[in-house]
Amino acid sequence: MDFKNVLVLAPHTDDGELGAGGFIAKLIEQGAKVTYVAFSTAEESVPDHLPKDILKTEVKAATAKLGIAAGNLIIFNYQVRKLNYVRQEILEELIKIRKYKKYDLVLMPSLKDIHQDHTTIAQEGMRAFKNTTILGYELIWNNLSFDTTCFVKLNHSHVESKFLALQCYESQSGREYMGMDFIFSLAKTRGVQIGAEYAESFEVVRWVIN
Ligand SMILES: [Zn+2]
């Protein structure tokens, strides 16, 4: 595994950390440069007592915690649940991102993710990056099914980094999938499948061998 430039596509802030936080921590530890793109900060869903841009603040903190450089974080402000309305705009942005840097791995939602915004990013991501290795990350609450065709072995510190990054999302703290129990249990489950302590699983969308 020798990935140098990795692109993470997150429909909403937090999706990249939830689906691939452990792998991102491992990639950065191994010297890869990771670029993280969030498409919506879900301003319309933020409760009234919180600042509207709270998720923007939180994604900056969370990605920094994983070791992603501030200059490698791209935040768009498309309307939540309406990414499909601007599908072509998103594709054009992805093509600009593709031209700017040569990526050797793209991480995005699974093609079987049924959240409408995740579906849009998975489909446009596949269109824009069809010449690149693409792995779909796992978000079990949105996956109708999931083929565990790829595993990334993780150690405790990678899973811990993922958990600590997710802790930055205080506005989302009530959610079951943000909890330590869940994060470590899923990593343990995926690890058991391959005889490792911990792992994250990915769906192979495209595998390009140079
Ligand atoms: Zn999402």
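Roughly how many Å² is the accessible area per residue of the chain, as a whole number, for a 1.4 Å probe?
For the chain, the solvent-accessible area averages 48 Å² per residue.
Just tell me which lysines come within less than 23 Å, Cα to Cα, of residue 56; anything on the same chain fewer than 8 places away is out.
33, 65, 82, 96, 162
In nm, to one decimal, how far is the modelled label at residue 193 from the one at residue 176, with both set 7 Å along Cα→Cβ?
1.9 nm
What full-extension length gain, to one decimal in nm, is calculated for residue 61 and residue 131 as 0.36 nm per residue of separation minus the Cα-Cα distance?
Gain on stretching residue 61 to residue 131: 22.0 nm.
Expressed as a whole percentage, what fraction of the accessible surface of region 5-206 belongs to carbon and sulfur atoms when a 1.4 Å probe is rolled over the protein heavy atoms?
It is 50 percent, rounded to a whole number.
R0 = 35 Å: FRET efficiency of residue 33 with residue 185, Cβ-based, nearest 0.05?
Efficiency, rounded to the nearest 0.05: 0.70.
Counting DSSP beta bridges with both partners in the chain, what percentage is antiparallel, nearest 5?
Numbers: 10 of 27 bridges.
Antiparallel: roughly 35 percent of the beta bridges in the chain.
Hey, rough spin-label estimate for residue 82 and residue 155, points 7 angstrom out along Cα→Cβ, what's it come to in nanometres?
4.7 nm
Calculate the spin-label point distance for residue 43 paired with residue 145, positioning each point 7 Å from the Cα along the beta-carbon direction, and give it in nanometres.
The two pseudo-label positions are separated by 4.0 nm.
If you take the beta carbon distance between residue 104 and residue 50 as r and set R0 to 35 Å, what does 1/(1 + (r/R0)^6) give as a FRET efficiency, to the nearest 0.05?
Values: r = 38 Å, r/R0 = 1.08.
Approximately 0.40, to the nearest 0.05.
Can you tell me the length gained on complete extension of the stretch residue 116 to residue 206, counting 0.36 nm per residue apart and subtracting the Cα distance?
Going from the current span to full extension adds 30.2 nm.
The values are calculated or read from the model by the stated rules, or taken from the named source; none is laboratory data. As the structure is a computational prediction, the values presented were derived from the model and not from experiment. A quick note on method: Cβ atoms are made from the backbone with ideal geometry, for glycine too, and the neighbour counts reach across all protein chains shown. Keep in mind that these areas ignore ligands, DNA and RNA; they rest on the heavy atoms of the full protein, side chains included. Shrake-Rupley method; radii C 1.70, N 1.55, O 1.52, S 1.80 Å.
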